[in-house]
Amino acid sequence: MNDHSTDRILAAPALRRRALLALGAGAGLAAAAPGFAPSAKAQPAQGMRKGQVVVGLSQEPTAFNPLMPGIEVDETIWMNVFDTLWYPMPDGSLVPSLATEVPSTGNGGISADGLRWRVKLRPGVTWHDGTAFTAEDVKYTLELIVAPGFKSRTRLGHALVRDIEVLGPHEIAWRMESAFAPYLAFLSNTYIVPKHLLAAASDPNTAPFNGAPVGTGAFRWDRRVPGDHIQLAANEKYFGKGPFLERAILKYVPDMTALYAQFRTGQVDAIIGTGIPANFVAEAEKLPGKRISKVSSGSLEVLMPNLGQPALSDKAVRQALYAGINKKGIIDVIFYGLHKPTESFAPQESWVYNADLPAHRFDLAAANAMLDKAGWARGANGLRAKDGVPLAFDISTTTGNALREQSQQLLLQDWSKMGVAAKVNNMPAAVIWGEFYVRSKFQTLLVGTGFRSGIDPDPSNRFASNAIPVKGGSGGNYMQWENAEADRIMVEAQATFDTARRKALYLRLQEIVRDELPILPIYQYVTAEGTKSNLMGYAPNINARQNTWNMREWYWA
């Protein structure tokens, strides 16, 4: 429903500014508890399919070739139309899909030095057009990802693959140029594409396949109505469990209030992804016939400083700014207590998460003392400077993001009490996430992002000194942070398959990042996703980019 009456009924509650600003440093922090409770009702028998599901999305999927650049919502299509060799479960374990087992040093699939890989593939799998799936498809996929001129979503890890050899219709091997432990995780998010369709195209970047994809997944492409929805139909020849639905309709409603209204009235069966707006969660939890799940994400909301800025290159400044962030005000009042405060770049559910990092404390007196000690003196106007460098910078985020804009105002108010001259410099998403971001043209950013390599805890793409684009590197270290010990840790952790050793290394890395503060972590995202109570099988998975990861197992009670 998009009429004005709905807008009035579902208008967001006004934010009480006095309540927000009165929240002090001594009060406790709120944490969102998961609301998901799995059903005990048995799944239908294999081959039994009933009904359809309408999944509400706030964005329209745009890229249907899973090897090409896309946005997170596109994975709703990819993970249902295509398959990977193996996929991650909520606990981080990997389960075979197109492969018959996950290779390891223990089963001989990966050599002791991590350089030689051998993968056995599942026989009897067919593409949606009836063509047999073979090792040639896997070889073609891995080669296409790194092919010159192909617009690949990512080449990280894949660029190390050498000497791919098809050993038979259902077995493939390759050599890694160097050991790279995260590659197992990378392959869990690498969808296999059909050689017989893409290799026949004059240019895989513009192949007809990209608009009407053919996969091996539990659902096949049916039709698309641009601006409204995509319809997927059950793959009756799927090799795995399910699907138990006849079809899935992915309906996009960009207005979050209107999307929630459609969920509330039953037009939409499930809201996945961006979820229910925080200001409606309490109401949604009381709706009859609905189930609300508060789902942790692997992404964080952080203040990202550009260390190329003279003032922000000073660790004492970053530490003072962090002490001057009222996390409680941001989380509890602006976001209704939905998100989880954090001190680490690693999700709290990660097997490497360091729970012993120093706890943040909102303390303006301590922040002022830090700046005094570091030589940032106040001038006649009350603003601080050191060696002629003013403690002044912009804070940027996307225009029109009302809740982030409220966060900015709270930050500015508190930092002004520290003698910091900060001002807002927001811009449209298409501008801010272009060169302004990736070429480090910002001063500070409020940004939501992740610091993992897929489901692997490796954060080298975001923290390594060779991952700074403006210094000739390749990666996402847009903060321009450089730390020799951190670099050594990340290289060693990539090269070993010893999980105990990797964990120890990443625990230490979190300590370094918490002290150096190349990012100022504010909270880990928690999203409120909703389904009808009689829609069974929905299961949140922090290791999946979308919680439609197991839609093949959904069914109606």
Residue match in region 469-478 (condition: crowded, with 16+ Cβ neighbours inside 10 Å, in contact with a Gly (Cβ under 9 Å, 6 or more places away or on another chain) and of a type in the set (Phe, Trp, Tyr)): no
Extreme residue, surrounded by the most Cβ atoms within 10 Å (Cβ to Cβ), among residues of region 494-530 that are in contact with a Pro (Cβ under 8 Å, 6 or more places away or on another chain) and within 22 Å of Gly157 (Cβ to Cβ): Leu509
Of residues in region 294-349 being at pLDDT 95 or above and of a type in the set (Phe, Trp, Tyr), the one farthest from Tyr437 (Cα to Cα): Tyr322
Candidates Val102, Val73, Val138, filtered to the one that is touching a residue at least 24 places away in the same chain (Cβ under 8 Å) and in a loop (DSSP other than H, G, I, E, B): Val102
Test: residue in region 396-412 that is surrounded by 15 or more Cβ atoms within 10 Å (Cβ to Cβ) and among the small types (Gly, Ala, Ser): yes
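Just checking, which of Ala359, Ala366, Ala320 is in the same structural domain as Leu446 (by TED's automatic domain parsing), surrounded by fewer than 17 Cβ atoms within 10 Å (Cβ to Cβ) and under 27 Å from Asn477 (Cα atoms)?
Ala359
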Matching residues, region 208-231, being in a loop (DSSP other than H, G, I, E, B) and buried (at least 17 other Cβ atoms within 10 Å of the Cβ): Pro213, Val214, Gly215, Thr216, Gly217, Ala218
Candidates Arg462, Arg502, Arg514 - the one that is among the basic types (Lys, Arg), within 25 Å of Met176 (Cβ to Cβ) and modelled with pLDDT of 95 or more: Arg502
Residue in region 417-427 that is assigned by TED's automatic domain parsing to the domain that holds Leu383, closer than 30 Å to Phe180 by Cα and either of a type in the set (D, E, K, R) or assigned to a loop (DSSP other than H, G, I, E, B) (or both) present: no
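Phe180 - would you say it is within 22 Å of the chain's Cα centre (by Cα) and in a loop (DSSP other than H, G, I, E, B)?
Against the criterion (within 22 Å of the chain's Cα centre (by Cα) and in a loop (DSSP other than H, G, I, E, B)), Phe180 qualifies.
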Residue match in region 36-52 (condition: surrounded by 13 or more Cβ atoms within 10 Å (Cβ to Cβ), over 19 Å from Leu250 (Cβ atoms) and modelled with pLDDT under 50): yes
Residues of region 429-472 satisfying the condition of being among the charged types (D, E, K, R) and either farther than 24 Å from Thr342 by Cα or assigned to a helix (DSSP H, G or I) (or both): Glu435, Arg439, Lys441, Arg462, Lys471
Condition met for Leu160 (surrounded by fewer than 15 Cβ atoms within 10 Å (Cβ to Cβ), touching a helix residue (DSSP H, G or I) at 6+ places or on another chain (Cβ under 8 Å) and not assigned by TED's automatic domain parsing to the domain that holds Val491): no
Selection count where residues are touching a helix residue (DSSP H, G or I) at 6+ places or on another chain (Cβ under 7 Å) and within 19 Å of Ile276 (Cα to Cα), scope region 226-257: 3
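Only helices (runs of 4 or more DSSP H) wholly contained in region 254-353 count here; list those with 2 or more residues that are in contact (Cβ under 8 Å) with a residue 60 or more places away in the chain and small (Gly, Ala, Ser).
Result: 256-265, 315-323.
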So Thr257, is it farther than 29 Å from Lys290 by Cα and β-branched (Val, Ile, Thr): no
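Can you spot a residue in region 480-488 that is crowded, with 22+ Cβ neighbours inside 10 Å and outside any helix (DSSP H, G or I)?
Yes, region 480-488 has at least one match.
The values are calculated or read from the model by the stated rules, or taken from the named source; none is laboratory data. Worth saying up front: this structure is predicted, and the values here are computed from it rather than measured. All Cβ positions, even for glycine, are placed from backbone atoms using ideal geometry, and neighbour counts span all protein chains on display.
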